1. Given the criterion at pLDDT 65 or above, more than 11 Å from RNA strand B (Cβ to nearest atom), in a strand (DSSP E or B) and over 25 Å from A:SER51 (Cβ atoms), identify the matching residue among A:ILE212, A:ILE232.
2. Somewhere in segment A:108-120, is a residue farther than 30 Å from A:GLN259 by Cα and touching a helix residue (DSSP H, G or I) at 6+ places or on another chain (Cβ under 7 Å)?
3. Which of the helices (runs of 4 or more DSSP H) contained wholly in segment A:280-367 include at least 1 residues that are within 14 Å of RNA strand B (Cβ to nearest atom), modelled with pLDDT under 90 and surrounded by fewer than 17 Cβ atoms within 10 Å (Cβ to Cβ)?
4. Here are some conditions: (1) under 22 Å from A:LEU95 (Cα atoms); (2) in contact with a Lys or Arg (Cβ under 6 Å, 6 or more places away or on another chain); (3) not aliphatic (A, V, I, L, M). A:GLU40 meets all but one. Which one does it not meet?
5. Could you grab me the full set of residues in segment A:103-135 that are over 22 Å from A:ALA276 (Cα atoms) and not in a loop (DSSP other than H, G, I, E, B)?
Amino acid sequence: MKLERAKGTRDFPPKEKIIRDYIQDTIKAVFELYGFDPLETPILERFEVLSSKYAGGSEILKETFKLKDQGSRELGLRYDLTVPLARFVGMNPNLKMPFKRYQIERVFRDGPVEKGRVREFYQCDADIIGSSSMMADAECISLLYKLGESGVTKELKEKGFDKKQIDSILKLILIKGSNQEKIKNLRKTLKDQSGLDEVEKILNYVKNTELIFDPSLARGLAYYTGPIFEVILQNNEICSVGGGGRYDDMISNLLESNQKYPATGISFGLDRIYDAIQNEKREFQESEVKIFIIPIKTAEESLEILKKLRLYGINSDMDILDRSISKNLEYANSKKIPYVLILGPEELKQNKVKLRDMRTGKEKLIKVEELKNL
RNA sequence: GCGGUCUUAGCUCAGUGGUUAGAGCAUCCGGCUGUGGCCCGGAAGACGGGAGUUCGAUUCUCCCAGAUCGCCCCA
């Protein structure tokens, strides 16, 4: 049998998974810093929920993986985390509002495969349900600057403009002008000013010069009702790493309820952020192991010390192939493990261990207990 | 989903209508169980799949699959 992955899926060997975990941990920490709490929902949803006309819309439905269970129930793999969130909110009517949740999980889309685009990928979503204030939108947008440090631009657009209006005034506003000038120009042309009011509020709340008002921005999902935004990395091949917007009607439509569930949120593509970091060629470790033990005819004693290290909470490993010291040093070096412990009869006689710093090559004889502070 | 380009070892790439398809890096073994970032020796490992043309196809043609670039769409 020829071994192949499913089209549009990827494997992440340890070296890459370490980087992805790092990104994921960072995003999780920032979400929590901003007061969002975690939620997990199933990868499988009833197809009915995913295909509701109030959910993602027909475009995304074409890319939905569809399947059946043994009871012939129609199921689908979720294509985003927003629709499952809406379902969850609908099924839990006594949630305290505003409900701020984040989710870092896989989603699936049976679409074209190309650079920066696969069929199974992670989305990192943070949403606020129950507030129609533009402060909520501003909060979601702020997340990005915290995450991105610098070199990040966000684009903002108001869904309320229809395409013809935009096309007719595109030339006037797209080419030049500050955010304020764009708003001023649009005010002259548009009858309904409420969208512009919203944009202006967000700009005031966020107060970041890298937030750019772009009336031409468009998003693929049908459920957006207000301001939408897109996250763009400057100076990088991978441009869009996230997006989001306001979807005030989706939840109540899905529930066929009169209760209002104003909602807004943002979604980051973990895979695209990962790809972007790859492009920057930053240095990351290749193994999580911090200390590697090389026994010299001291297997049993070394195992005891290994046990102690793990008790101390130090990620540690040991030679189990009975290789030579040279080979073991080479091995530790090639995996960029920062420290090795050389354990021979000499060290044991003194009740000590020899710690070698792999970067400097310096060695010192110490007691095992001293490794606690490493 | 449409069009272009591509597919030879784990990776990067040579090469050929004709006996046994090469290299570098990586892997494994040995030199070498008291000291790595080296060195030396060795081993293992490949023509994406199918059909056709041909005495003979990895090489030419077609189809399929997969990669990639552009368009559409998207995280």
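1. Numbers: A:ILE232 fails: more than 11 Å from RNA strand B (Cβ to nearest atom).
Within the list A:ILE212, A:ILE232, the selection yields A:ILE212.
2. Yes; the residues of segment A:108-120 include at least one that is farther than 30 Å from A:GLN259 by Cα and touching a helix residue (DSSP H, G or I) at 6+ places or on another chain (Cβ under 7 Å).
3. A:325-334
4. (2)
5. Keep residues of segment A:103-135 that are over 22 Å from A:ALA276 (Cα atoms), which gives A:110, A:127-135.
Listed by number, the residues that qualify are A:ASP127, A:ILE128, A:ILE129, A:MET134, A:MET135.
The values are calculated or read from the model by the stated rules, or taken from the named source; none is laboratory data. Not measured: the values here are computed from a predicted model. Backbone-built Cβ (ideal geometry, glycine too); neighbour counts: all protein chains shown.
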